[in-house]
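The next block holds one structure in the form of structure tokens; read it before the comments.
The values are calculated or read from the model by the stated rules, or taken from the named source; none is laboratory data. Only a predicted model underlies this, so the values are computations on that prediction, with no experimental measurement involved. Positions of Cβ are generated from backbone atoms using ideal geometry, with glycine treated the same way; all protein chains shown enter the neighbour counts.
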Amino acid sequence: MPRAVCCGEGALKKMPEILQAASVKKAAVFTDKGIRSAGLLDPVLEQLQKSQAAFCVLDDLPPEPSYGQVQKLVDACRAEGADMILAVGGGSVMDTAKLAGVLLDGSSTVHDLLEAPGRAKKCCPTLMIPTTAGTGSEATPNAIVAVPEQELKVGIVSDAMIADNVLLDPLMIKNLPRKIAAATGVDALAHAIECYTSNKANPISDTFALEALDMILNNILPACDSADAVSQKSAMQLASFYAGVAITASGTTAVHALSYPLGGKYHIAHGVSNAILLAPVMRFNAPACPERFAAAYDRCVWRKNLRDAGGKNGVYAALAGEDRPASGDTHKPFGIRCACVGSGDTGGGRHAGDTASEQQSAPGDGGRRPRAVPPDPLTSERTEKHE
Ligand SMILES: NC(=O)c1ccc[n+]([C@@H]2O[C@H](COP(=O)([O-])OP(=O)(O)OC[C@H]3O[C@@H](n4cnc5c(N)ncnc54)[C@H](O)[C@@H]3O)[C@@H](O)[C@H]2O)c1
Ligand SMILES: [Zn+2]
């Protein structure tokens, strides 16, 4: 778990305090060109200037980089003589920055860590500012790199890579393009569901996974749809962080195992490959742990309109133990297939709806504690708009 996490609108303003507390002389800001052109670097640099630390920006990073591309940035960072690492970006940027944080002394390379992750040792403090919601990389000890010669993506895991500081500011995902918001949101959803249904699930991962699942199911659509849905975006940021904590305590399962070769060989974006695989894998797994699916459904699908949408959306239907969505479309986790995968783009047990707890909470969802929810409900009509 990171040492300090600050979330909510304006969280970015904590930066000067964090840098001053760590007596930083020069910060290296890891980012990518997409983040830069989206204007997301400007508010970060503004805060850096207030901290009075010197800084450099390293942005020569493609999405889902290979270990060689990561090594290049680590070497560039060492040449700058930075004593703190900041990541402003999605999982690709944060994973690269985390690796830099344990390789800065030059005693090992990224390739060495692929063979022997135990060689990672903390070289300097790190600060993660996610711009997607998300991978949860800001919470995990993992960094994923592509290994082109094996057409694979491989995870390097070391506690030394856990971030020191995390800032979750919804400003950073305000204008996240819908397609990326949907894909990365389904990645977080997959983390939560896989951790909760894993053989390694335990009380700690269950707590974080269920809370994440609840927040994602009840916020993902407005968070994707509207730049102004600040509280829903904030909920998605926190949920992906929680799902990252759940990964740390438990782990992902078949969706991610099957997804990595799709990324390594066919370069399908991580969130998109998870979106394709999630509902079918859930349906495959449901007979092995029907009580878990039922418990997740009871806990999370608490808005009437989400329950109504259950028959039309792959994930809700799978969570409810239905064989297939009523529409017959198995690749449509949320009715946001167009946003997530694009047309032609590659790139249970018992039905918990019958339970007493759901019946109690049915009228107006009054039986559940309040959540940040959108004013515009998810209706079947809304769902079909995106088919
Ligand atoms: N370390 C972990 O625990 C962990 C967990 C899950 C996934 N991952 C890894 O994370 C990587 C994927 O990360 P990702 O899904 O966050 O995407 P990403 O970091 O690869 O970014 C995808 C694209 O989105 C753009 N982008 C990001 N934020 C933006 C914003 N706010 N506005 C506009 N454009 C923006 C980027 O410029 C980039 O072009 C994969 O390599 C995956 O394997 C790591
Ligand atoms: Zn993932």
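Comparison of ASP32, ASP60 shows that the only residue that is closer than 30 Å to GLN150 by Cα, among the acidic types (Asp, Glu) and surrounded by fewer than 20 Cβ atoms within 10 Å (Cβ to Cβ) is ASP60. A single member of LEU176, LEU168, LEU114 is more than 11 Å from ligand 1 (Cβ to nearest atom), among the hydrophobic types (A, V, I, L, M, F, W, C) and buried (at least 24 other Cβ atoms within 10 Å of the Cβ), and it is LEU168.
One residue stands out in the range 63-84 among those that are within 15 Å of ligand 1 (Cβ to nearest atom) and touching a strand residue (DSSP E or B) at 6+ places or on another chain (Cβ under 7 Å): the one that is nearest to ALA146 (Cα to Cα), namely SER66.
When ALA239, ALA235, ALA246 are checked against the criterion of being within 14 Å of GLY134 (Cβ to Cβ) and within 13 Å of ligand 2 (Cβ to nearest atom), a single residue qualifies: ALA246.
The sole residue among SER107, SER92 that is within 16 Å of ligand 2 (Cβ to nearest atom) and either under 20 Å from ARG36 (Cα atoms) or surrounded by fewer than 18 Cβ atoms within 10 Å (Cβ to Cβ) (or both) is SER92. Would you call ALA212 at pLDDT 95 or above, within 15 Å of the chain's Cα centre (by Cα) and at negative phi? The answer is yes for ALA212. Here VAL5 does not qualify as closer than 23 Å to ALA239 by Cα, buried (at least 24 other Cβ atoms within 10 Å of the Cβ), within 23 Å of the chain's Cα centre (by Cα) and aliphatic (A, V, I, L, M).
Only one entry of SER226, SER234, SER198 meets the criterion of being closer than 30 Å to GLN20 by Cβ and of a type in the set (S, T, N, Q), and that entry is SER234.
Need a quick list: helices (runs of 4 or more DSSP H) entirely within the range 1-107 having at least 2 residues that are of a type in the set (Asp, Glu).
In the range 1-107, 41-51, 67-80 are the helices (runs of 4 or more DSSP H) which contain 2 or more residues that are of a type in the set (Asp, Glu).
Residues in the range 117-157 that are more than 11 Å from ligand 1 (Cβ to nearest atom), under 23 Å from the mean Cα position of the chain (by Cα) and surrounded by 19 or more Cβ atoms within 10 Å (Cβ to Cβ): PRO117, PRO125, THR126, LEU127. Mind checking whether some residue in the range 236-251 is within 11 Å of ligand 1 (Cβ to nearest atom) and surrounded by fewer than 23 Cβ atoms within 10 Å (Cβ to Cβ)? Yes, the conditions are met somewhere in the range 236-251.
If the condition is being away from ligand 2 (no atom under 15 Å from the Cβ), among the hydrophobic types (A, V, I, L, M, F, W, C) and in a helix (DSSP H, G or I), then the range 183-207 contributes only ILE204. Of the residues making up the range 219-233, one or more are at pLDDT below 95, away from ligand 1 (no atom under 16 Å from the Cβ) and surrounded by 24 or more Cβ atoms within 10 Å (Cβ to Cβ).
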